[in-house]
Amino acid sequence: MNSRTLAMLAAGVMGAIAMSAAPAQAAPQSPSSDQQCRIEAFGRSVPVVCGRKWVNADWDRDGIRDEVFFVSPPNSYVYRISGGSNGPVRVSNGAAYTMDTYEIRPTGKHRIYAVTAGSTRIYSQLESGGWSAWEKYVP
């Protein structure tokens, strides 16, 4: 390669590095922004906080959601709804900002994860008496 080609190649690489280092421009989402949206779940229209994640749990792993977990305005409580419920049922005490994921533990217990407004990951686990109190997740 001649020196002109090397100079052009170096300029292109430096430009690509500069572009990738630029911060992404995204609209900030405030925890105090509790605008209400709705999702459809099991034939019902349920209120959720706009822009926040909800979780479709497929507990029996058959490709069909069994329950939906979501944060409802204005109190940031987590609710769940399933095909057999009479409507949304509260799971939490208002600790969640958004839902994260779900899993079936090696013990077979069902667990859902949420994130607080302070970015702490928390979970609740289905016990014989119902959903447990929220606990901080420690990997």
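Where the second residue is of a type in the set (Val, Ile, Thr) and in a loop (DSSP other than H, G, I, E, B) and the first is within 19 Å of Ile104 (Cβ to Cβ) and lies in the range 41-65, which pairs have Cβ atoms under 8 Å and are six or more apart or on separate chains?
Asp58/Ile64
Give the residue that is nearest to the chain's Cα centre (by Cα), with candidates limited to residues of the range 74-102 that are surrounded by 14 or more Cβ atoms within 10 Å (Cβ to Cβ) and charged (D, E, K, R).
Ranking the qualifying residues of the range 74-102, first place goes to Asp100.
In the list Tyr123, Tyr102, which residue meets the criterion of being touching a residue at least 12 places away in the same chain (Cβ under 8 Å), touching a Lys or Arg at 6+ places or on another chain (Cβ under 6 Å) and not in a loop (DSSP other than H, G, I, E, B)?
Numbers: Tyr102 fails: touching a Lys or Arg at 6+ places or on another chain (Cβ under 6 Å).
After applying the criteria, what remains is Tyr123.
Pick from Ser82, Ser20, Ser30, Ser128: which is modelled with pLDDT under 95 and touching a strand residue (DSSP E or B) at 6+ places or on another chain (Cβ under 8 Å)? Before the answer, list the steps.
Working: Ser20 fails: touching a strand residue (DSSP E or B) at 6+ places or on another chain (Cβ under 8 Å); Ser30 fails: touching a strand residue (DSSP E or B) at 6+ places or on another chain (Cβ under 8 Å); Ser128 fails: touching a strand residue (DSSP E or B) at 6+ places or on another chain (Cβ under 8 Å).
Checking each option against the conditions leaves just Ser82.
Out of everything in the range 62-79 that is within 23 Å of Gly43 (Cβ to Cβ) and of a type in the set (Gly, Ala, Ser), what residue ends up being modelled with the lowest pLDDT? Give the derivation first.
Taking the range 62-79 and keeping what is within 23 Å of Gly43 (Cβ to Cβ), we get 62-73, 77-79.
Checking the rest, the ones that are also of a type in the set (Gly, Ala, Ser) come to 63, 72.
Numbers: Gly63: 94, Ser72: 85.
In this case the residue turns out to be Ser72.
Take Asn93 and decide whether it is under 16 Å from Gly130 (Cβ atoms), modelled with pLDDT under 90 and either in contact with a Gly (Cβ under 7 Å, 6 or more places away or on another chain) or of a type outside the set (Val, Ile, Thr) (or both). Before the answer, list the steps.
Numbers: under 16 Å from Gly130 (Cβ atoms): yes; modelled with pLDDT under 90: yes; either in contact with a Gly (Cβ under 7 Å, 6 or more places away or on another chain) or of a type outside the set (Val, Ile, Thr) (or both): yes.
In short, yes.
Quick one: what pairs do we get from the range 79-94, first residue closer than 14 Å to Ile112 by Cα, second assigned to a loop (DSSP other than H, G, I, E, B) and not aromatic (Phe, Trp, Tyr), C-beta under 8 Å, 6+ apart or different chains?
Tyr79/Pro88; Tyr79/Val91; Arg80/Pro88; Arg80/Val91; Ile81/Gly87; Ile81/Pro88
The values are calculated or read from the model by the stated rules, or taken from the named source; none is laboratory data. In this text the structure is predicted, and so the values were computed from the model without any measurement. When we count neighbours, we look across all protein chains shown, and the Cβ atoms used for this are built from the backbone with ideal geometry, even at glycine.
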